[in-house]
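The values are calculated or read from the model by the stated rules, or taken from the named source; none is laboratory data. Not measured: the values here are computed from a predicted model. Glycine gets a Cβ as well: all are built from the backbone with ideal geometry, and neighbour counts include every protein chain shown.
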Amino acid sequence: MESLLSIAGVSKSFGGTRVLQDVSLTIANGEFLTILGESGSGKTTLLRIIAGFETADSGTLTMQGDSLDRHPPNRRNVNTVFQHYALFPHLTVFENIAYGLRAKQVPAAEIKTRVEAALAQMRMPEMAVRRPAQLSGGQQQRIALARALVNRPALLLLDEPLSALDASLRTHMQGELKTLQRETGITFVFVTHDQEEAITMSDRIAVLRNGCLEQIDTPRELYNRPRTAYVAAFIGKANLLPNGMAVRPENVQVVAPGSVLVGNGSQSWTGTVKRIVFAGASDLIEVDCSDGVVLNARVPSGGSYPPTVQLLVAPEHLISLS
C-alpha cells in the first residue's frame, strides 16, 4: 500500500522531561492507524506534532514527499477532531460544518453542496439549522467529524473523540467511525488509551510506552504475537511466565491433578484455586501455583473445579518475549 506519511526519528521534550524518543513509523494511504498508550505515553504529543500544533525537537515528517516541518497547521492537508469537539455554540450545525470552507473562501454554491453532502453522509440532513446545545453527544461527534471531512483532508487525526460518550454509544460510534473511514477512503490516525477500542477499529496499532514505540502491528498480530511483556499484558490479558514467555488465559487448560500426562513440549503447573470470576460466557480462574506464580485460565462459564487443579499449556500457545 502506498505511503501517505513517514515519521522518522521524532523526539520531543518539555523542560527536562522526554515525552517522545526516536519515534519512527510509516502510515499507509487509506489506513486506519491507532496510536495506543497509557496516560503520559506521548500519544497526544505525537498527534499534535503531526497536526503542527507542536514542533519536534528532532526528526522529520514527510507527507507524500513533502516535508511537513516547514508548513504551519493551516497549510497541512490534515484536519483534527478533538476530544471535546470544539463546536461553535453560536453557530448552527450547517455554519459549523461550513466554517473551514468559508475561511478558505470556497464559493457559496460549492459550500452548500459540500455541507449538504456531509450531513447526508452523517445521516443527519435534518439537523442543519440546529445549534450544538440541541444535539446529543453522539450527534455532536458526528458534526465535528463532518466539519473535518468536508475539507477533504488527506489525513484525519482523532484525539480520543469517543471518550466523552457513554459505553453503549461509544461502542456504536466505533462501528460508525470504521464504516465512515472505509466509505471516504481518508487515512485516519486515532489516539486512545482503550485497548478494546483500538482492536475493534484499527488496521494497525502503534503501541507507545514512555515515549517509545513498543510495537506496531495488526490487532491480531499484537494479540497473538506480542514482542514484549508490556505489549502482552497491555493488549488483552496475559500470563507472564518466569522463563520469558507468555500465554493467554484462553489457552490454559484446567484438569484434575494427575489426570493428563504431560509431554510433547507442554508445560504444566499444579496449584490452588484462589478465585473464580464470572465474565459472562466464560469464567476466569485464578490459580496460585508454586514459587509464587499466579496463572489465570479462561474456561466456559458455570463449571465446577476442585480446590487443587493442574494447568496445561501446549507448546504452540507459548509466546516468546524479548
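Scan segment 297-318 for residues that are outside any strand (DSSP E or B) and farther than 19 Å from residue 244 by Cα and the total you get is 7.
Taken residue by residue, segment 124-133 has no member that is within 22 Å of residue 43 (Cβ to Cβ) and crowded, with 18+ Cβ neighbours inside 10 Å.
In the set (1) buried (at least 16 other Cβ atoms within 10 Å of the Cβ); (2) touching a residue at least 60 places away in the same chain (Cβ under 8 Å), residue 38 fails one condition alone, (1).
Of 86, 118, all but one fail to be of a type in the set (A, V, I, L, M) and not in a loop (DSSP other than H, G, I, E, B); the exception is 118. Between 273, 293, the distinction of being more than 13 Å from residue 252 (Cα to Cα), touching a strand residue (DSSP E or B) at 6+ places or on another chain (Cβ under 7 Å) and crowded, with 16+ Cβ neighbours inside 10 Å belongs to 273 only. Residue 50 falls short on exactly one of the conditions (1) over 24 Å from residue 211 (Cα atoms); (2) outside any loop (DSSP other than H, G, I, E, B), and that condition is (1).
A search for C-beta distances below 6 Å between a residue of segment 135-152 that is part of a loop (DSSP other than H, G, I, E, B) and any residue that is β-branched (Val, Ile, Thr), counting only pairs 6+ apart in sequence or on different chains, returns 150/97. Can you confirm whether segment 160-169 contains a residue that is buried (at least 19 other Cβ atoms within 10 Å of the Cβ) and not in a loop (DSSP other than H, G, I, E, B)? Checked segment 160-169: no residue is buried (at least 19 other Cβ atoms within 10 Å of the Cβ) and not in a loop (DSSP other than H, G, I, E, B).
Restricting attention to segment 221-255, which residues are among the basic types (Lys, Arg), touching a helix residue (DSSP H, G or I) at 6+ places or on another chain (Cβ under 9 Å) and surrounded by fewer than 19 Cβ atoms within 10 Å (Cβ to Cβ)? Across segment 221-255, the qualifying residue is only 237.
Is segment 131-154 home to any residue that is of a type in the set (D, E, K, R) and more than 25 Å from residue 203 (Cα to Cα)? Yes: one or more hits. Among the strands (runs of 3 or more DSSP E) confined to segment 177-262, the ones with at least 3 residues that are outside the structural domain of residue 312 (by TED's automatic domain parsing) and of a type in the set (Val, Ile, Thr) are located at 187-192. Is there a residue being among the hydroxyl-bearing types (Ser, Thr, Tyr), within 24 Å of the chain's Cα centre (by Cα) and closer than 25 Å to residue 126 by Cα anywhere in segment 58-79? No: segment 58-79 contains no residue that is among the hydroxyl-bearing types (Ser, Thr, Tyr), within 24 Å of the chain's Cα centre (by Cα) and closer than 25 Å to residue 126 by Cα.
The number of residues in segment 245-283 that are without any contact (Cβ under 8 Å) to a residue 40 or more places away in the chain and closer than 14 Å to residue 309 by Cβ comes to 6.
Within segment 21-46, the set of residues being within 18 Å of the chain's Cα centre (by Cα) and over 20 Å from residue 155 (Cα atoms) comprises 37, 38, 39, 40, 41.
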